[in-house]
Amino acid sequence: MIASVHEIGDIEVYDGTEFYLKKTKEEAQREYLLACLDIVRNFENYNSFGHLDYVARYGHYTDKSIKFAENREILFEILRALASKEKALEINTRLFDDPKTKQFYSDLLINFKKLGGKFITLGTDSHIARRDWLSISKARTLIKKAGFHELATFSGMKIDKNKKSIKE
C-alpha cells in the first residue's frame, strides 16, 4: 500500500487547479510537504510513502524542481518518521529526465539511510516501457550509491522476505 498526497483541503495538486494560484513555488512546495509530513506521522496503514516529488510536476513556475536544501527541515522530519516506523520510501522515476530530480532523490536517499531508513520501493508513473527502463536503471544506480542493496516488495501489507537485490 502506497501512501501519497494528491490533494490538500479538497483541492487537487495538479495543473489547472487553485492549488498553485497566488503561491510562490516555495509556498506551494512547503504546503505540499507539510501535508506529506502529516500523512507519514499520523497514518499507519501503508507500506511505502510515494510521490514525494508530485508537487514538482505541476504549477506555473519556470523551475518546478524541489531543492532539498530549501526544504531540509520538513524533509528530514518526513524521512525520520518513515525510518522510525520502518516504512519504505518510494523513488519515483517519473521526472528522472531532469538532473535536478535525480539530485533531489539522491539527497533523499542519502539522508534516509543516515536516519536509519531500511526500505526502498521503486515506481515509474511514466507508462512508456523504454523510458521506464532507462529511468529505473538510473534510479537503481542512485539507490545503490546511497548504500541500499535491496528493493522492498510487499504482500498482504507485510514485507516480502525475498527482497529484490539491486544489480548494477
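No lab work stands behind these numbers, since they all come straight from the coordinates. Everything numeric here is computed off the predicted structure, so don't read it as measured data.
Worth a mention:
- Among the listed pairs LYS87/LYS138; LYS23/LYS113; LYS118/LYS144, those with a Cα-Cα distance over 21 Å are LYS87/LYS138; LYS23/LYS113.
- Note that the stretch 2-165, at 20 °C in a medium of 1.002 mPa s, gets a Stokes-Einstein diffusion coefficient of 133 µm²/s from its Kirkwood radius over C-alpha pairs.
- Secondary structure note: in the chain, about 45% of the DSSP beta bridges are antiparallel.
- Between the stretch 28-75 and the stretch 82-107, the alpha-carbon center distance in angstrom: 11 Å
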